[in-house]
1. How far apart, in nanometres, would the label points at Asp132 and Glu158 be if each is projected 7 angstrom from Cα along the Cα-to-Cβ direction?
2. List Asp189, Asp113 from most exposed to least, where exposure is judged by having the fewest other Cβ atoms within 10 Å.
3. What distance in nm separates the simple spin-label points at Lys239 and Ser267, each placed 7 Å from Cα in the Cβ direction?
4. Quick check on my link table: of Lys76/Lys337; Lys23/Lys337; Lys212/Lys304; Lys33/Lys239; Lys199/Lys273, which ones sit more than 26 Å apart, alpha carbon to alpha carbon?
5. Write down Rg/Rh for region 103-230, rounded to two decimals, with Rg from the C-alpha atoms and Rh from the Kirkwood relation over Cα pairs.
6. By per-residue mean of other Cβ atoms within 10 Å, what is the highest-first order of 67-77, 247-257, 91-101, 136-146?
7. Against the longest principal axis of the chain, how steep is helix 135-153, in degrees 0 to 90 to the nearest 10, with axes from Cα atoms?
8. Starting from the Cα of Lys24, step 7 Å along the direction of its Cβ; do the same at Asp221; then give the gap between the two resulting points in nm.
Amino acid sequence: MNALVCTEPGKMEYKELEDPELKKGYAIVRIRKICICGTDLHAFEGTQPFFNYPRILGHELSGELVDFDDAPGFRKGESVTFLPYLNCGHCIACRAGRTNCCVSLRVCGVHMDGGMVDYFAIPSRLLVHGQDLDLTELALVEPLAIGAHGIRVGNIQEREFVLVMGAGPIGLSTIEFAGIRGAEVIVMDVNTHRLEFCKNILGVSHIIDAGKAHVTEQLMDITQGDMPSVVIDASGNLKAIHSGLNYLAHGGRYILIGLQKDILVFSHPEFHKRETTLMSSRNATREDFDYVMQSIQRGQINPKAFITNRVSFGEAAEGFPKWLSPSGKVIKVVIEKV
């Protein structure tokens with residue numbers, strides 16, 4: 001089979017590999033749609049934590065179920081997606097149902113080879129029925145579930161002000177699900193194109209250009225002097241993460257969805273005087289996948305609105321440098337396999 005491999009930072013190569021063989025407890029999926037996320041782009045540029053090369057990228061996937069062992073209720077040929085998080089099932093996190101942060105978690109395309117291939121083998125227990133969503137929608141479930149998980153663990157409430165820093169795909173999903181909860185969403189980014197997308201496509205009323213002055217004053221004005229009770233970083237940008245605490249209301253919650261491999265440093269007095277709750281949000285669970293799919297079915301979210309680029313598998317290797325550039329105005333790329 002054909003595979004697209006990130007052999008080292010800045011270099012993608014097509015290689016021929018053996019088709020996967022069916023193993024006990026596994027399923028084989030013919031990959032049809034692959035969405036590109038920030039993890040893939042950061043891996044390409046060499047800034048992704050938890051990463052070794054060479055690596056086959058790709059964890060936002062959908063396809064056709066080719067064969068399986070021990071997958072009751074599934075049938076060959078049906079459209080599926082799957083949880084790309086291989087958890088151990090017996091550690092303290094798994095026993096508590098928090099499979100997304102398993103002690104020995106392996107994520108497809110990060111800790112192990114991912115889905116930029118013709119055929120992909122995954123434990124059958126991770127399969128997810130298509131539920132009448134099309135293949136593009138199914139490939140977008142995983143990134144949407146990241147945002148949905150952050151909103152769920154952050155216990156976002158109706159009418160509270162939520163500042164989302166970073167309007168990339170994960171930030172956009174976070175914005176959408178905060179809105180579904182009834183929150184008053186504020187979006188901050190330096191990318192004016194993405195801010196306009198939030199305003200015109202997602203209907204966000206409050207947007208802030210982080211590259212301009214007086215951010216605190218703007219937040220004070222929007223929140224009638226209270227400041228946001230929740231600040232969510234979806235950028236993974238170290239400068240943004242360090243500054244986010246200053247934008248948080250007293251008694252507020254600071255949620256880190258974006259990932260940064262460097263050391264985080266906060267002012268203890270600023271952190272302490274707010275009695276701040278600091279949380280991280282990692283990956284997603286089956287509960288989040290189900291919620292996302294129900295939200296799409298109910299028309300509460302249109303994932304296809306995020307798509308700005310569609311390319312064939314053969315065009316994907318040359319696309320990575322372009323997708324990294326802000327001038328390309330890329331929000332979401334879908335690689336389509338015939």
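1. 2.8 nm
2. Asp113, Asp189
3. 1.9 nm
4. Lys212/Lys304; Lys33/Lys239; Lys199/Lys273
5. Answer for region 103-230: 1.06.
6. With the highest mean Cβ count within 10 Å placed first, the list reads 136-146, 247-257, 91-101, 67-77.
7. Relative to the chain, helix 135-153 is tipped by roughly 40 degrees.
8. Here the answer is 6.6 nm between the modelled labels.
Every number here is computed from the coordinates shown, using simple stated rules; none is lab data. Keep in mind that this is a model prediction, so the values were computed, not measured. With ideal geometry, Cβ positions are generated from the backbone for all residues, glycine too; neighbour counts draw on all protein chains shown.
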